[in-house]
Amino acid sequence: MSLGIVVSCDRSVPYGICAALLHTGARTEAEAYAVAARAGWAAGGAGADLCPAHAPRRPRRGGPRCGNNPGVQLSPGDAQAVADFRAYLKRRAAGAPAAAPHTS
C-alpha cells in the first residue's frame, strides 16, 4: 500500500475556499511539497497553501534573456560564450586577425 498526498488551495473565495487540488502521489509531506513547488504552487511554508492561480506572482525582470541584459543571470556556459564573443569583437575592432568564435 502506498500513501498519496493531496495538496489543497487554502485561498478564500466568495463561496468558501478554492477547490483546486493537487494529487502529488508522494509518500511524505516534504516530497508532496516539492512536487507542488514544481507544479507552481506556493505550498509548504508557514502560511497557506496556494494553487498557481492564487500564488503570489514572482516579479519578472524585463527585457530579453541575453548577455546584453544586466538583469538576467546567465548560466556559467552562457556567460562564458558571451565573454568569448566580446573578446572576439574587441580583437576584431583592434584590427587583429581573429577567427570567429566557435558557434554551434
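The values are calculated or read from the model by the stated rules, or taken from the named source; none is laboratory data. Keep in mind it's a predicted model, so treat the numbers as computed, not measured. We place every Cβ from the backbone using ideal geometry, glycine too, and count neighbours over all the protein chains shown.
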Quick one: in the range 1-32, of everything that is part of a strand (DSSP E or B) and among the hydroxyl-bearing types (Ser, Thr, Tyr), which residue is farthest from Gly44 (Cα to Cα)? Ser12
For the range 4-16, which positions are out of contact with any His (no Cβ under 7 Å at 6 or more places or on another chain) and surrounded by 12 or more Cβ atoms within 10 Å (Cβ to Cβ)? Ile5, Val7, Ser8, Asp10
Tally, over the range 34-54, of residues that are surrounded by fewer than 19 Cβ atoms within 10 Å (Cβ to Cβ), assigned to a loop (DSSP other than H, G, I, E, B) and at pLDDT 80 or above: 6
Within the bounds of the range 61-72, is there any residue that is under 30 Å from Ala83 (Cα atoms), of a type in the set (D, E, K, R) and modelled with pLDDT under 85? yes
Identify, please: which residue in the range 17-33 is β-branched (Val, Ile, Thr) and surrounded by 12 or more Cβ atoms within 10 Å (Cβ to Cβ) and is, among those, nearest to the chain's Cα centre (by Cα)? Thr24
